[in-house]
Every structure is written in structure tokens, then in C-alpha cells.
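Below is one structure, written out as C-alpha cells, with a few remarks after it.
The values are calculated or read from the model by the stated rules, or taken from the named source; none is laboratory data. These numbers come from a predicted model, not from an experiment. For neighbour counting, all protein chains shown are included, and Cβ atoms are generated from backbone atoms with ideal geometry for every residue, glycine included.
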């Protein structure tokens, strides 16, 4: 099932491919959606963390006596109060002397803190006021230790160890062909160094949740999360069977990868287990910016060997990422960087060396694009420079090198679906037309394109699967149950559309029960642009099974051949006429045919991941696209205005074109924010970015309309031939914006964010194209 | 039951979405906390606590305000409208809300109640705004999902319908 490519003729689609308002939209717009922090229980307590104020220290004394005496305080917990205070992550492909590397971290630090903001104590109180007072009263004495603030410093000989055993967390290598020979034969070599910054997800909903024991003694945690399967991790921490913890994900106020790791879950569970009362925890924006994992800062060195006609002969790439203080998903993120490092191009030979190191910076982990996006700045800047040096059209150079079906990535994976990269290049350039004129003297305009590829679906080595259950009610209305967390991308709504399409059910009569680890079939994480592929295919399979069960029952009853029957909005049609759906459902009951079905979709399989990456298949498939940016630069102030922004991706099939446009526009703006504005600023391990007044995400004034052009090859591995689109559009803005600035001022910014100061440095170095 | 210390047991009375509500409000209690924790009106959201993100935007006597940086006691006697107050008693969406619905202006929906109140204030003065002017007035309301343009589309359309 898993390798089949599904396409449908467009004129046969009734609900899928329609720009429908999402089924969750009305409640959100009415203001009646209850997010994780909106629920309150009678007798509910409040919880807050006491965090380290320094980045690196030994804890010499922790005293909670005074805090416990604050009126209204119910409990103050330390690491010693946690049943299993240490959790460990297996880091795939990485070994220590014997066996897999297990990266450990504590829920509440007992002996040592490794980053500014690391949790030390958990305070639980009747009121927010008591909470605030008690947190102040927790006494922590510490002895400061050396601070490792850069990966290079971390990896230096004899460096202070952030973790015992050394600061190297993970490394990956890809070797394909004879790189040295290719460089010897090359007509030209392009060299570049590129640096990206720590970025925060900055969803509008800070981390929050409410937890309670239900009447069966099951720990219930209703939390803003992308992963309800963390119930297993919570069970481990509490020392109870997995079946005794339930995680419920209501509609989430934005995720972008920042709610992929646990946030409030373990602390809520500990507080409830300890007090046996309902507890709410709401992180402040300051805590969210301070202590939740960030996007990796990457240092990337590219050497590109090319022929005179623009063909890329080889890439020689080094990537060093800052893993921060704890492992989280850094090793996997770096693996994505490695596999995506050469972009959507055929590369004769490649040598890729990637390393991630522990530092005393905040932990880094998942963020939309997951390591596959920082490298776009590298490979697309190189591509642009190549075009410039050869006096070739930037679109033409990309088209000459573009991957096609049947080509292999440097890692060895074959591209098995049609690649419409050239079509996306043509689409954005046709739309863009003439380049704009500067709006005045001392202003310069620039235009650039940037293409990318981004995997959708998890690493195949993870043996991914998802399940969905669909059942008719006796009145013909439809219930879909699937534990998919809905983080705002329409994850639940898409399932309703798929079920509606296959079963001819009215969208208004479909209810999707989602995001509940106990009552719904598990669908895995809403991460890795995987839910349409995974839960979408699971729902599709369940719907097809259910349809065939009902048609089979009608065929048996009426004697008409199965192939002559169809399920339509009017009922079950056959050569003999129409059987109403409700009659058909009663008929199923009579004939012992179930009117529900469980579909399980298994992702593609692949070889094991080792440090030396090599395999026929590491990811299910990829999504390709191209963006175009027009910018104007104020040559005196360095201010950059994005005049126009056009984005095109082949999405295979748009299940809901409005949702697709929304994903592309939102990701493009988030990417523009990383290109121009955003940075978590660290100074010797101290996080200086404490609020939204310092962490600038794009406002409505900072960005133009994002013009989206959606191409549909029908070639994706998702239902109806859909590809994933959640992450792919966030990569190109980094390069489209920096290359457009380079086009305007004649010198290339290579460090993000491209602040006015950095633009002015380029203005000084460059030759202005538009200056009279 | 452990002892709960309450300071400043003063009460504040506000008219919230047409309903008169009297609840305790310590001298330091923000309007946002009063609405959410005391009055049970949870559609204004906590996003930053420093008046930057706009997720808590409500109308106080018709004027948009960030409820996280206004004290409840300061608003004594005021009429407060939140996004839920735009919805009719029968659950029917207002024309502004309908426009948000039509234009797919909510993705995760967390910024939406604040966006709606900022937009309501814009529509209230009867002036028609260009897209750039709409964007300028939305600058105090952050959205991380949509890239803003479906929200701008919805407001532009709603002001057209109003004319």
C-alpha cells in the first residue's frame, strides 16, 4: 500500500480540492474554541517552575522551606520528589564506546544546570499570587562553572565538558563520487560561508495545559502539544503503566515544531500526582522565549565545483550546528540538514560533513523545516553566485541542474515522483513580470528567486504508522476518530474532507474526534509534514473499507454486481435504482456487516541509519518549490522593504486549496521573519531576549501580500496524490531575500538576520545596480 | 483546605458583552486576568503579557485596549466587548466574523479574537481603508500562522459590505 501513488481525475472530486471553510473555523471565529489554557476546574491549583538564572553551574544548596510556608502554597517539589527524574533519548546512528548514545536530561535539575532557564523546582499553589511569592522564596545557591557559548569552543581540544563524555553530540557524513577529481576538473569553484541564528517559534499561544486524575485513576493531561504519544514519556517519569496516562490535545494555538518535545506535561503530571487535585500550568512569554528549544544556529561552508555550462560537478559542504544544553532532536535535525544540503539538484559528487555540539545555550530542537531549511541559504546563495559568475540566467542554471524522477540524491535515495521544479521557476517569474523601479534616489531594488526541496513524512527508519477509525451513525451522519493533533493547519478538517469525498457524506454531518491518546486510534505526531501523508492515508483507507463494506452488503442483498454500485450524496446507486443510505445501514445491521472501519497506514520502510549516511530511501518523498522576492533597500539606513513576494510549490493535489495557500503564505512570512528580523540573542549563555518587545516577528506592516501559485502534479504519496506542504515553504525566503538584497546592492549578506547594519556593510562592499 | 490569603478584596463591576458582572479584583489584577479567571470570559488570550501581541485585545467603551496591561479596577463601570460578544445570542456570526470565515482568516485561531476586536474598532468609524492602511492598523496584533493576508482580505471585504 505504502509505495502506491494515488491520483484522481479532478472532475471526479466533489469535496476534496474544493476551497471549503474549515470545519473548525466557525468556533474559532466565534471566540468559543477552548484552548489548552482556557479550561478551569473546581479546586484547581496553579503551578510554576523556578528556573536557573545562570547558564552553567553546580547546585550547592536548594532550600524550599520558606517557599512551603507561603500562605496558599500546597507543595514545592525538587528533583528528588520525581519518581524517575532522568529521561534519556537514544541518538540514532551515534555510538559511544559500546552501544547507542543515550542522551540524558533531568526533569528538575538536582546537581547541575546547563542553560539559563533550566527548571530546578516546581511550585504548586492555590492562587497565582501565592505562586509568585513562593517562587521568589525558593532558595538556590550555586557555584558557577565555565560557559561554553560556541560549538567551535565546545569541540576544541580540552574544552570544558557540558556533558560528561564530551561535547560532540552527533556527526553525519555523506560521500558520493570522487569530489577531489571533480574540483580538479571544474571550470570554476564557488566558495561561501553562511550563518543562521537561533530562532523562536513564537506561536501566539504560549505553552499551557490542565491536568487531573479521572475517576479511574488515569492521569489526564489536556495540553497544547503536537504529540499526544508523550503519554508514554509521562508514564515513565511517574513510574506508572503507559495505560494510566492520557494526553488530550485540544486545538493548538500554533506549533511549528515548538510543541513537539514535552513542555508543561511532566510538571503538570507531577503536580497532580503529588496533590491529587487538578492543576493548571501556563508559561509566560518570557519563559517560552527563555527556556523552550529553539531553531539551530548553523554554520555552513559550501564549496561548489561547476562546469562552464552551469552544471554542478560537486559539492563539498561542512555544517556545524549548536545543539544547546541537551540533546532533544538535534541529531535528527542535523541529519535532515545533511540529506537536504545539496538542494533539489543533480550533483555529480558530494562530500558532506555535519557536526552538532553541546553548548550552554538553550536546547535546540524541532522547528518547521527541521534542518532542511537552513541549508537553503547555503545551496541557493551558491547557485545565485554561480549564475552571476557565468553570466547565466538564475532560473536557467537551476533548471539545468534540477532533479528529475529517477535521479538520486547524494545520500543514494532515488526520486520516485515527478519533479516540477522548472514549472515553479517559470510560474513565479511569469507572474512577476518587469522588475520594479526604485521609489526614489539612494534606493535600490533587487530581485531574486530561490528554489528548494523538503521531505514530507518521517525518516523511514522510524517505521511510521497512523490509524483512523470511521463509522456511520444510524442516521447517516459520520464520525471520524483519529488522535491527530490539530495545530492550526487544518489537520482534522482534511480528514473530514477525505471521508466526505469517499463516502459521499455531507461535510456538515461529519464530526472529527481528534487529539486524544486514550479514546482515538493513534496517528503519530503532527510534525515532519507527515499528517496528510499518514493520517490522511489512514482515513482514506478506513473510508474505502467502509464504503466497500456497505456496497458489498447492498450487492449481496440486491444481487447487482459490486462494480455496478456507487455511493453518492443521494444514496447507494445501482442498476436497479437508489437505496437510501439509512436503508443501506439498516441492511448492514441485518446482514452482520460492520458500519465502521479502522484504517492503518504504514509508512515506507528503509535501511538503518548509521553515521555514514547511505541508502535507497531515507524519506518517503519530497516537495519542491520556488519563491521570488522583490526588495527595495534604503542605501542610507539599510532598511529593507519586501515589495513583492511570490511562492509556488507543487503540492501534488490540494485537498483544500485555502489551507494550502494559508500554509504557503504563513510559512513564507515566518521565513521572511527569520531572514530579516528575528534572533534569540545570547551573551555567554545568558538569553537576552525576554519578551516580544525584543523578539520581533513580522507584523502586518512588515510583509506584502504573499502571492501563491499552487501546482498539482498529482504525484504525491498522500491521499488523492497530495504532497505535504506544512514545512516546505519556509526554506526559500532565507535565500530569496538575501539574494534579492545582493542583487540590489551588489554584495551578498551571508549572516542572518539581515539587519540594517549588515545591509549597510553590503552597501559598502557592493556595486549598486540601480544607482544613477 | 489550606488558607488562602486575599489582598484588596475590592470588587469591580463591568458590563461584559452586555452582561453586568461583579467580581473581586485586587488592585494589581489586570483586566485580562479578571475576564479570564474571575468572569470566565476566556476568548481574550494571554499571548505576551506586555501589550505587544494583541491577542488580548478587547473594546473598553468602544476603544481597543490590550487587556493584559490595563487594570480591571481602572475600567470600573465600563462596557467591555470581546470577540464572543460579536456573536449573536443565537450563535449567529456577525458580518465581520462571516467575512473572516469566508476568507479563511483563522488558522490556529489563537490571535483571532484579538484580530476581530481590532477590526471591529476599524469598522466602527465608517471610514474605508486601503489594504496598506488596514495593515498599518493591524500592526499591534501579531499572527504567526496566516501571513496576515487572509485577515486583510476579510477586513477589506467586511468594510465593503458595510458601505
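Structure summary
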quantity: Given (1) without any contact (Cβ under 8 Å) to a residue 40 or more places away in the chain; (2) crowded, with 24+ Cβ neighbours inside 10 Å; (3) touching a helix residue (DSSP H, G or I) at 6+ places or on another chain (Cβ under 6 Å), index of the condition residue B:137 fails; calculated: (2)
quantity: Candidates A:529, A:525, filtered to the one that is more than 14 Å from chain B (Cβ to nearest Cβ), part of a loop (DSSP other than H, G, I, E, B), in contact with a strand residue (DSSP E or B) (Cβ under 7 Å, 6 or more places away or on another chain) and in contact (Cβ under 8 Å) with a residue 24 or more places away in the chain; calculated: A:529
quantity: Candidates B:54, B:40 - the one that is free of Cβ contacts under 8 Å to residues at least 40 places away in the same chain, assigned to a loop (DSSP other than H, G, I, E, B) and either surrounded by 20 or more Cβ atoms within 10 Å (Cβ to Cβ) or within 8 Å of chain A (Cβ to nearest Cβ) (or both); calculated: B:40
quantity: Spans of helices (runs of 4 or more DSSP H) in segment A:113-197 with at least 3 residues farther than 30 Å from residue A:332 by Cα; calculated: A:128-137, A:179-185
quantity: Matching residues in segment A:665-691 - criterion: being buried (at least 24 other Cβ atoms within 10 Å of the Cβ) and over 20 Å from the mean Cα position of the chain (by Cα); calculated: A:676, A:682
quantity: Boolean, residue A:541 is in contact (Cβ under 8 Å) with a residue 24 or more places away in the chain and over 20 Å from residue A:493 (Cβ atoms); calculated: no
quantity: Filter pass, residue B:114 being within 12 Å of chain A (Cβ to nearest Cβ), surrounded by fewer than 19 Cβ atoms within 10 Å (Cβ to Cβ) and touching a strand residue (DSSP E or B) at 6+ places or on another chain (Cβ under 8 Å); calculated: no
quantity: Residue match in segment B:87-102 (condition: more than 11 Å from every other protein chain (Cβ to nearest Cβ), assigned to a helix (DSSP H, G or I) and more than 28 Å from residue B:11 (Cβ to Cβ)); calculated: yes
quantity: Yes/no for residue B:161 being in contact with a strand residue (DSSP E or B) (Cβ under 7 Å, 6 or more places away or on another chain) and more than 7 Å from chain A (Cβ to nearest Cβ); calculated: no
quantity: Residue satisfying all of: in segment B:74-86; part of a loop (DSSP other than H, G, I, E, B) and more than 17 Å from residue A:28 (Cβ to Cβ); nearest to the other protein chains (Cβ to nearest Cβ) among these; calculated: B:78
quantity: Total residues in segment A:674-706, condition touching a strand residue (DSSP E or B) at 6+ places or on another chain (Cβ under 8 Å) and more than 9 Å from chain B (Cβ to nearest Cβ); calculated: 7
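Matching residues to (1) outside any strand (DSSP E or B); (2) surrounded by fewer than 24 Cβ atoms within 10 Å (Cβ to Cβ); (3) modelled with pLDDT of 95 or more:
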site	(1), (2), (3)
A:246	no, yes, yes
A:260	yes, no, yes
A:263	yes, no, yes
A:271	yes, no, yes
A:289	yes, no, yes
A:301	no, yes, yes
A:310	yes, yes, yes
A:319	no, no, yes
